[in-house]
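Written below as structure tokens is the structure these notes are about.
The values are calculated or read from the model by the stated rules, or taken from the named source; none is laboratory data. Bear in mind that the values here come from a model prediction, so they are computed numbers and not experimental data. For neighbour counting, all protein chains shown are included, and Cβ atoms are generated from backbone atoms with ideal geometry for every residue, glycine included. Please note that ligands, DNA and RNA were not included when accessible areas were found on the heavy atoms of the full protein model with its side chains. Shrake-Rupley method; radii C 1.70, N 1.55, O 1.52, S 1.80 Å.
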Amino acid sequence: MTASSLPFLRFGLLRGMAGTLLMSLALASCATQGQDRMTTGSIAAPRLTKPVESMTAPELSEAERSVGAAYDRNPKDRATGLNYATILRMNGKNEQALAVMQQVVIANPSDREVLAAYGKAQAAAGQLEQALATIARAQTPDRPDWRLYSAEGAVLDQLGRSDEARRKYRMALDVQPNEPSVLSNLGMSYVLSGDLRAAETYLRTAIQQPAADSRVRQNLALVVGLQGRFAEAEEIARKELTPSQAEANVTYLRGMLSQQNAWARLAVLAGKPGPG
């Protein structure tokens, strides 16, 4: 099955599914420098001792409660505001996260990390053009941040400006060669334009990097599944995870691929039975 066999996915379901995963990965990898590592590091808040990205749903709910209480006590605190906005986004509360970041950026109008986080919140809330402007303000040409280039690429892809997006990803890779999150975003950019073979090539390169995480494998599993190789997709989704995590990944993968009857349509196009 080739990309040309997927007209129903190219600008509808495919763009929505791939765009969601691409934006999620780019925003999570953006602006994680310094002590406040946001989604990739430990949150400095009461009773929180593990990375946000590895938290279960109940743990995220508790994190929102405890960090939210700290934010209520001191909404001008930079670190608390950054952390609270990150947790809100992890819980899918994008509009509230944006509102928090609007307060943080008022108090820290020239802080590069705050501007980057504000751009992430804008993008997650669908304010894509505003996010581009904010990320551009955060970037400094003399000391470029690869995370900002990658996030900018993800926003451009969401806007349908694929050529510009890929230039940004390659600029990020010039600064940070073989960075798996950028390679993954580049791969998902090709998914958005229907070139699944190119997408798989970049994603397989990404998962071979030592720093690759489960989000990169999830993107590869989606691309493999979109090509009708369902068993292989589930095997990738389960790899290097605990049984409960693996089952959650497979459930999510099936859910993504079942949107608008994607499993059935792909099975017909690929000449294979759909998943049981």
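Considering (1) closer than 21 Å to Ser162 by Cα; (2) among the small types (Gly, Ala, Ser); (3) open to solvent by 70 Å² or more (accessible area, probe 1.4 Å), the lone condition that Ala231 does not fulfil carries the number (1). Among the residues of the range 225-244, those that are charged (D, E, K, R) and closer than 21 Å to Ala211 by Cα comprise Glu235, Arg238, Lys239, Glu240. What is the residue count in the range 134-161 for residues that are touching a helix residue (DSSP H, G or I) at 6+ places or on another chain (Cβ under 6 Å) and part of a helix (DSSP H, G or I)? Here the count works out to 17.
Report, ordered by the first and then the second residue, all pairs with beta carbons closer than 8 Å, sequence separation of six or more or different chains, a first member in the range 65-81 that is more than 15 Å from Ala97 (Cβ to Cβ) and touching a residue at least 12 places away in the same chain (Cβ under 8 Å), and a second member that is assigned to a loop (DSSP other than H, G, I, E, B) and of a type in the set (Gly, Ala, Ser). Going by the 8 Å Cβ cut-off, the qualifying pairs are Ser66/Ala45; Ala70/Ala45; Ala79/Ala44. Checking each residue in the range 65-92 for being open to solvent by 10 Å² or more (accessible area, probe 1.4 Å) and hydroxyl-bearing (Ser, Thr, Tyr) picks out Tyr71, Thr80, Tyr84.
Considering only residues that are touching a Leu at 6+ places or on another chain (Cβ under 9 Å) and under 11 Å from Trp146 (Cβ atoms), look in the range 161-178 and name the one that is most open to solvent (accessible area, probe 1.4 Å). Out of the qualifying residues, it is Arg170.
From the residues in the range 155-199 that are within 18 Å of Ala211 (Cβ to Cβ) and small (Gly, Ala, Ser), which one is farthest from the chain's Cα centre (by Cα)? Write out each step before concluding.
Kept after step one, since they are within 18 Å of Ala211 (Cβ to Cβ), are these residues of the range 155-199: 169, 172-188.
Checking the rest, the ones that are also small (Gly, Ala, Ser) come to 172, 181, 184, 187.
On the way: Ala172: 16, Ser181: 9, Ser184: 10, Gly187: 13 Å.
It comes out as Ala172.
Looking across the range 189-219, the residues that are open to solvent by less than 30 Å² (accessible area, probe 1.4 Å) and touching a Gly at 6+ places or on another chain (Cβ under 8 Å) come down to Ser189, Leu192, Ala198, Ala199, Glu200, Leu203, Ala206, Asn219.
Please go through the range 141-181 and pick out each residue that is touching a Gly at 6+ places or on another chain (Cβ under 6 Å) and either under 19 Å from Glu200 (Cα atoms) or free of Cβ contacts under 8 Å to residues at least 40 places away in the same chain (or both). Show your work before the answer.
At the first step, the residues of the range 141-181 found to be touching a Gly at 6+ places or on another chain (Cβ under 6 Å) are 158, 165, 168-169.
Hits for the range 141-181 are Ala165, Lys168, Tyr169.
Restricted to the range 175-235, the set of helices (runs of 4 or more DSSP H) holding at least 1 residues that are over 23 Å from Ala248 (Cα atoms) comprises 180-192, 196-207.
When Pro46 is tested against (1) closer than 30 Å to Leu186 by Cβ; (2) open to solvent by 40 Å² or more (accessible area, probe 1.4 Å); (3) in contact with a helix residue (DSSP H, G or I) (Cβ under 6 Å, 6 or more places away or on another chain); (4) at pLDDT below 60, exactly one condition is not met: (1).
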